[in-house]
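In what follows, a structure is listed as structure tokens, so that the remarks can point back to it.
All of the numbers you see were taken from the coordinates with simple rules; none came from a lab. Everything numeric here is computed off the predicted structure, so don't read it as measured data. We place every Cβ from the backbone using ideal geometry, glycine too, and count neighbours over all the protein chains shown.
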Amino acid sequence: MKITPTKLKDCYILEPQVFGDERGYFFESFHLRKFTEVTGLAVSFVQDNQSSSCYGVIRGLHFQKGVHAQAKLVRVLSGKVIDVAVDLRPDSETYGQFEAVELSAENHRQLFVPRGFAHGFSVLSENAEFAYKCDNYYNKESEGGIKYNDPELGIDWQIPLGKEIISEKDQKLPLLSEL
């Protein structure tokens, strides 16, 4: 497995070695010892989530606050997305910066999003099945978020204007400067 740091501290792209033949393929999607050796981070995933979305859906940018903060390992089971992580750690040298990575069923890439980050994605294919592991349990009272189209961030979700599908809840999220 290739583990590559992004420009954001503690945020990594994971690319498995895929073994394919006439039957299909096999790959190891996560290996804790290898991950810890390369990153120096120890994680223990406690919850798996999965979503299905159609073209144009933008989910996010979401996070859990305080003791309920979550690190996530995210991947696409079918389809293609732009996955975004935003550093919200106040004392981080990359505070307010984001990383955008294309994840797809074809490239098998994953993104490790550490605690203290907001996370979201946009669906570029007709449909996408999205899966993620979390190292902490979801807590409704600790939900937080940033508006997907915050001009301070300037994220290119690669969805044409007017084709976005955004939940009512996500449309009401604050800007980064309002947190």
Practice problem: Classify the chain as rounded, prolate or oblate from the Cα gyration tensor: take a ≥ b ≥ c as the square roots of its eigenvalues, call it rounded if a/c is under 1.5, otherwise prolate when a/b beats b/c and oblate if not. | Solution: oblate
Quiz item: Each residue of region 22-32 in order: what ³J(HN,Hα) in whole Hz does its phi give by Karplus 6.51 cos²θ - 1.76 cosθ + 1.60, θ = phi - 60°, with x for Gly and Pro?
Solution: 4, 7, x, 8, 9, 8, 8, 7, 7, 9, 4
Exercise. Straight distance only, please: which aspartates and glutamates reach the Cα of K147 with their own Cα at less than 18 Å, same-chain residues fewer than 8 apart left out?
Key: D83, D87, E99, D156, E164, E168, D170, E178
Exercise. Please give the net charge around T94, taking every other residue with its beta carbon less than 10 angstrom from that of T94, where Lys and Arg add +1 and Asp and Glu add -1.
Key: -1
Practice problem: List the residues whose amide H sits under 5 Å from the amide H of R89, counting only those 5 or more places along or on another chain, with H placed 1.01 Å from N in the peptide plane. | Solution: G96
Practice problem: Pairs to check: K9/K140; K34/K133; K140/K172; K80/K172; K7/K72. Give those whose C-alpha atoms are more than 21 Å from each other in this structure. | Solution: K9/K140; K80/K172
Quiz item: Hey, which aspartates and glutamates would be in cross-link range of K65, C-alpha to C-alpha under 12 Å, not counting anything within fewer than 8 residues on its own chain?
Solution: E141, E143
Quiz item: Among the trypsin sites (Lys or Arg not before Pro) within region 1-41, which fall in a DSSP loop and have no more than 10 other Cβ atoms within 10 Å of their own Cβ?
Solution: K7, R23
Practice problem: Calculate one ³J(HN,Hα) per residue across region 149-156 by plugging θ = phi - 60° into the Karplus curve 6.51 cos²θ - 1.76 cosθ + 1.60, and present them in order as whole Hz with x for glycine and proline. | Solution: 9, 4, x, 5, 7, x, 6, 8
Quiz prompt | Rounded Å value of the spacing that divides the Cα centres of region 110-148 and region 1-51 | solution = 16
